[in-house]
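Asks: Supplied in structure tokens, the structure appears directly below.
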Amino acid sequence: MNIRDIDIYTTRDLSYDFLGLRFENPFILAAAPSTDNLEMVRRAFHMGWAGAILKTTSVEGTRVDLAYPMMSTFNHDGKKLFGMGNIDLISEHHVDKVENNVRMLKKEFPEKIVGASIMAGRKEDWQHLVERLESAGVDFIECSFSCPQGNIGEDPGKMLAQSVVATELTARWVKEAAKRIPISIKITPHVTDILEIARAVKRSGADAITASNSLQALMGIDIRTFVPYPQLNGRSTHSGLTGPAIKPITLKTISEIARNVDIPILGTGGASTWSDAVEFTAVGAGVVQFCTAVMHHGFRIIDDLKSGLSHYLDDMNFTSVTNIHRRALPHLVTHDDLPRCSVRSHINDALCIQCEVCYVACRDGGHIAIDRRPSKIPIVSEERCVGCGLCELVCPVEGCIEMRAPQEFSTVNYTG
Ligand SMILES: Cc1cc2nc3c(=O)[nH]c(=O)nc-3n(C[C@H](O)[C@H](O)[C@H](O)COP(=O)(O)O)c2cc1C
């Protein structure tokens, strides 16, 4: 017996029924370099990933003209790959190779979920891809309407999912061609109204939405040569930004769709940890896809994902992942409907390390409501403090500053 057959980390059943498919856990690999190579997907499956979406393929003869180097990084505050930029395109493997990969993977791993991502220009090509991959045994198809470098065919540089009409029409073609397998449409957050696109997908009859793809970004400029990143002999272009930096945008996109359109959602964009996946699920995602986190730390993160989720379910007394689904949505309201709370900053003297970060932040970015005392422990002016919360955000000591209702202050004695 292989050590991996004994799951020492996971005590809970993490399986999840979604789109009529049984995922052994809610973690799958997003369409990306990690899913473009049979050996890599095999290894990921052995390590415990529930499924993978094979990197976007196209019909034979499609020209895929890659440019290298294709990655750049957005490091922040000492954190490497806080965001990652890529100028990758779809796979160089056309459907003939990918359908073989699907056949082999489904034969070797019948219990794993194998999805395939497709992109085409013409109706007949979209439909041809669906037919070929469906007969090869793929479990579902994801349509890339949102490559940050644009689509194949007319209007290159534009993303299909930026047009309501093109989204609905193309999704209809794809859905028409699928006999039994579910179809998900991968959308972009680069639109004025994400709900118009989500409703177009729903009208098309497609089964799900994948929300959402990388963000178009300019990753940075070398301030001596003025060449942006990534640098290819003095030239550059915009990248697709992925990784932790885009998580808040993905949460917003998923939650907005989940609150307004009745359609299953696959979450992608910025998930790195099990708790990110819980957040995605709580705002309405079914399964959660991972890409940048795997490219950074390897397939082995699946151990942490599974054990973290399992312990979380235990802690929360949840019997399954479905207990998390949509749980954050009732708390999400419009700004008009927010309660107007009266809170003030409270500094815990015993925890304060006298760094004065809160003092400076409030003085120059808040309401000049924090004063210094001879002891250097800051004091909050109840009259000036409006309760904006900035001091709590910048304080480096967990729990030192809290926002409290004014009546909670009556027992607090200030010394200094
Ligand atoms: C190098 C690279 C290549 C990618 N290729 C594809 C692709 O072929 N098709 C696709 O739909 N998404 C592609 N993506 C986007 C990922 O599937 C995923 O949606 C995105 O990276 C956001 O997730 P993350 O923050 O977990 O990385 C690619 C991402 C990266 C980083």
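The values are calculated or read from the model by the stated rules, or taken from the named source; none is laboratory data. This structure is a prediction, so every number in the text was calculated from the model and none was measured. Glycine gets a Cβ as well: all are built from the backbone with ideal geometry, and neighbour counts include every protein chain shown.
Asks: Which number in (1) in a strand (DSSP E or B); (2) more than 29 Å from Gly243 (Cβ to Cβ) marks the one condition that Arg172 misses?
Replies: Arg172 satisfies every listed condition except (1).
Asks: With near the ligand (Cβ under 10 Å from one of its atoms) and within 17 Å of Ile28 (Cβ to Cβ) as the only criterion, which of Thr273, Thr268 stands out?
Replies: Testing whether each residue is near the ligand (Cβ under 10 Å from one of its atoms) and within 17 Å of Ile28 (Cβ to Cβ) leaves just Thr268.
Asks: Please note which helices (runs of 4 or more DSSP H) are completely contained in the range 264-378 and include at least 1 residues that are without any contact (Cβ under 8 Å) to a residue 60 or more places away in the chain, out of contact with any Cys (no Cβ under 8 Å at 6 or more places or on another chain) and not assigned by TED's automatic domain parsing to the domain that holds Leu21.
Replies: Result: 357-365.
Asks: Do you know which residues across the range 251-264 are away from the ligand (no atom under 13 Å from the Cβ) and of a type in the set (A, V, I, L, M)?
Replies: Listed by number, the residues that qualify are Ile257, Ala258, Val261, Ile263.
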